[in-house]
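Quick notes on the structure that follows.
The values are calculated or read from the model by the stated rules, or taken from the named source; none is laboratory data. What you see is a predicted model; the values in this text were computed from it and never measured. Here Cβ is always computed from backbone atoms with ideal geometry, including for glycine, and neighbour counts include all displayed protein chains. For accessibility, only protein heavy atoms count, side chains too; no ligands or nucleic acids. Shrake-Rupley method; radii C 1.70, N 1.55, O 1.52, S 1.80 Å.
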Amino acid sequence: MDSHSLYDKLQVLEPREKELDTKERLKAMERPLLTWYSKHARALPWRDRPDPYRVWISEIMLQQTRVEAVKPYYERFIGDLPGIRELAAVPEDRLLKLWEGLGYYTRAKNLKKTAELLVEQYGGELPASYEELKKLPGIGSYTAGAIASIAYGIPVPAVDGNVLRVVSRVTGSREDILKQSVKTRMEEELKAVMPEEAASSYNQGLIEIGAIVCVPNGPPLCSQCPLASLCVARIKGLIGEIPVKTPKKNRKIVDITVMLLWQNGRIAIRKREDTGLLASLYEFPNVEGHLKEEEIPARLGVEEAVIAPLPAAKHVFSHVEWHMTGFWVELEEPLHGDYLWVTGTDLKKNYSLPGAFKAYTKLIR
DNA sequence: AAAACGGGGGC
DNA sequence: GCCCCAGTTTT
């Protein structure tokens, strides 16, 4: 029987697909990619003046974080800490306050650690070398490639989730893009075809296509894509199957009891451990497990307290869920221990409490 | 190779 | 409710 599906008819209208191997296909992206990027690049704050410091800060903020979320943080951060030396000298609490709400707080701590390193050992500047950049805390292969190419014009690739998606589609690769081995090979393949004089636009162009054309969720806008005629996934109708990603695992549930300790007009907070989840941020005193009201005094080591239950709350992290219950606890005297007793105003202005505690933070005047 | 590490936006 | 995001580090 004849095949007359819409897809078959459309395929007849396509220019005949050239027989290209992967390397030739990647090389063939260059001209359409650069032409398209010169015309369609979004105006973004960090693109105004791509000096190494500004590129570095933006790239760290953009790790696993959307452009729209980064914009206001970036502007404020650059305004407060305009250069490496200011960053190296900033107190950690003020730094974390600048980062509050962005997530992945290790990024901020690594930023400061690296700034100190740069002042002490690199003459206060980011090194103009992919290999040297990659040695710095918080800078992996993607970020090293991004800084090297965008700030210094060094022809090395910068393979992020966008590039993985775009290139796997263009080449028609059904390999699992979450595998490190697949990313490493793509980096090698792209390095071999990188234009010597246009590394910045080449990398940013690939990323830009991934962000606004070959989008991460929903169908790609192939009619706007400069790589459409080269794209194996599109030509073979594999857009829905590529990129391949392995399914992710379930989140662990953790029960937590949060206590708002109130004494003489002040609330107790404490600093979290400097490693692990929400490292170095502040929190309301809490314990793992769901405590009953009558268990509270003993846990706090007090004879008496006026206790009232607070609403339950849930916070979802990427790998764990906190299921929280809470109690309001009025004490006659301060507790011994590493607590800071702060007013509501002081709390909001000077201390970074992660969003996980929002349900309880908002109860404080 | 897998897990840890946030928070927000899209559907 | 699930997926994903201009990833890196630790286990």
Check your understanding: Looking at (1) within 16 Å of DNA strand B (Cβ to nearest atom); (2) open to solvent by less than 70 Å² (accessible area, probe 1.4 Å), can you tell me which one A:ILE78 breaks?
Key -> (1)
Exercise for review: Given the conditions (1) within 16 Å of DNA strand C (Cβ to nearest atom); (2) touching a helix residue (DSSP H, G or I) at 6+ places or on another chain (Cβ under 8 Å); (3) assigned by TED's automatic domain parsing to the domain that holds A:GLU59; (4) not aliphatic (A, V, I, L, M), report the number of the one that A:PRO219 does not fulfil.
Suggested key: (2)
Review point. Is segment A:167-188 home to any residue that is surrounded by 14 or more Cβ atoms within 10 Å (Cβ to Cβ), of a type in the set (A, V, I, L, M, F, W, C) and touching a His at 6+ places or on another chain (Cβ under 9 Å)?
Key: no
Practice item. Kindly check whether there is at least one residue in segment A:191-204 that is open to solvent by 10 Å² or more (accessible area, probe 1.4 Å) and closer than 13 Å to A:TYR130 by Cβ. Key: yes
Practice item. Looking only at segment A:332-347, decide whether some residue is open to solvent by 50 Å² or more (accessible area, probe 1.4 Å), out of contact with any Phe, Trp or Tyr (no Cβ under 6 Å at 6 or more places or on another chain), within 16 Å of DNA strand B (Cβ to nearest atom) and assigned by TED's automatic domain parsing to the domain that holds A:GLU293. Key: no
Revision key, fill the gap. Of (1) within 16 Å of DNA strand B (Cβ to nearest atom); (2) more than 28 Å from A:ARG251 (Cα to Cα), A:VAL306 fails just (1)
Review point. So which of A:ARG234, A:ARG251 is open to solvent by 30 Å² or more (accessible area, probe 1.4 Å), more than 27 Å from the chain's Cα centre (by Cα) and either within 12 Å of DNA strand C (Cβ to nearest atom) or within 25 Å of A:LYS179 (Cβ to Cβ) (or both)?
Key: A:ARG234
Practice item. Find the residue count for segment A:103-131, including only residues that are within 16 Å of DNA strand B (Cβ to nearest atom), surrounded by fewer than 19 Cβ atoms within 10 Å (Cβ to Cβ) and assigned to a loop (DSSP other than H, G, I, E, B). Key: 2
Point to revise | Selected residue (only one of A:SER280, A:SER318 is of a type in the set (Ser, Thr, Tyr), within 16 Å of DNA strand C (Cβ to nearest atom) and open to solvent by 30 Å² or more (accessible area, probe 1.4 Å)) | key: A:SER318
